[in-house]
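Okay, structure first, notes after.
Just so it is clear, none of the values below were taken in a lab; they were calculated from the coordinates. Not measured: the values here are computed from a predicted model. Cβ sites come from the backbone with ideal geometry, for glycine too, and all protein chains shown count toward neighbours.
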């Protein structure tokens, strides 16, 4: 994203593409009153909705709209903002936008409205990111978590940590500045006690942040295994509907089939793949290569085997090729035909789940195992819809705090570790964010937000 030009007036269509009853064109910038008056054809009172006819330069009618002017600083961006609520067809909305651009506005870049809200102090960085997360939320739990971040709960928790660190650093550095004042054991114990409280708080926020990250991005789950072990049947069972073709003919699935489902609000992106085997069929070979590509992208691989025949040499070959670092579970399917009960157990360094995709017996065991591997914990309240950078910063801060505890007897090192811990937390709220980071964050927003 280009460096923002705060003197520009920006405009964009703020509603989703397609047709609808109402569409919105949003305009923001300093000294917007003149452009607003020209576009609407009369002066607008602040925050009063007015019916207006928008005309082109030659006087022909573009649309009848509801126009609202929000003067700075009482607007989303903190600048003057004009909203034109017109009919929701793509052509009249483009014509409204073109009229605004003809009169001096420029097309907004992705996320530029929210970026201006951040730069003008209307939102901090986690709140700005929560705007995009709220739009993209795929479950009710994700919406609630995004709203917590947007309302400032996450930022408040981070600022509470920073305040605690500021107070502790003040005490420690005061002792460094005035070495003639002896620091007793009681003072050192108090500093360690305060540090311990802060460290535990960071750990608690980190748990909530990890839960929120899981709600936000979900898990990529790939079904893999030899042909005819029931991968498509398992996809249908997890999805709750017949999404994949199931036959007794081996190799029915030729390409990846995707289905998104939810477990306790956690998105699972399940991918059914072609059966893994040596094949001379050119189309099937392409499908098998695509299967391995999907496996390489997975968070979790479910390696299916037939419970009747069990593990085979072909399964050894599949397991040897599975990428390291990717969690995988062996799923013994068709326990109904093998006359086995459902189970979930460790065998060596692998988790085995026995189930029947046909009857549904054992599916709950698999669902619980997927959530466990993903790190989901039941009963965690006030989850924040965090991002990977938030989690990384919290982990780094916790590491600096742990190091501070280890060097508590050396005041200079102790103070430095506290400073580093606080600095990392500042990256979350945007106090120490680089222009490159801001550009990366806001470029992922949609245009008009």
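In a Gaussian network model over the chain where Cα atoms closer than 10 Å are linked, find which of 35, 176, 168 has the largest mean-square fluctuation. Top of the fluctuation ranking is 176.
Over segment 10-123, Cα pairs under 8 Å with separation of 6+ residues give a relative contact order of 32 percent.
Looking only at segment 300-427, where both bridge partners belong to it, what percent of the DSSP beta bridges are antiparallel (to the nearest 5)? The answer is about 30 percent antiparallel.
Each DSSP beta bridge with both residues in segment 308-381 is either parallel or antiparallel, and the antiparallel ones are about 55%. Protection proxy ranking, highest mean first, for peptides 418-428, 217-227: 217-227, 418-428, where packing is the per-residue count of other beta-carbon atoms within 10 Å, averaged.
Estimated from helices alone, the mean residue ellipticity of the chain at 222 nm is -15000 deg cm²/dmol (sum of -39500 (n - 2.57) over DSSP H runs with n ≥ 4, per residue). Looking at the chain, the DSSP beta bridges with both ends there are about 60 percent antiparallel. Summary value for segment 52-106: 28 percent relative contact order, contacts being C-alpha pairs under 8 angstrom separated by 6+ residues. This structure gives Rg/Rh (Cα atoms, Kirkwood Rh), computed directly, and of (i) 1.51; (ii) 1.09; (iii) 0.95 that value is listed as (ii).
Mean-square fluctuations from a GNM of the chain, with a 10 angstrom spring cutoff on Cα atoms, peak among 20, 348, 196 at 348. Using a/c under 1.5 as the rounded threshold, could you call segment 310-395 rounded, prolate or oblate? The axes a ≥ b ≥ c are square roots of the C-alpha gyration tensor eigenvalues, and prolate needs a/b larger than b/c, oblate otherwise. Oblate, since a/c reaches 1.5 and b/c is not below a/b.
In percent, rounded to a whole number, the relative contact order of the chain is 17, using alpha-carbon pairs under 8 Å and six or more apart.
In this rough spin-label picture, where each label sits 7 Å from Cα along the Cβ direction, the residue 339-residue 15 distance is 6.4 nm.
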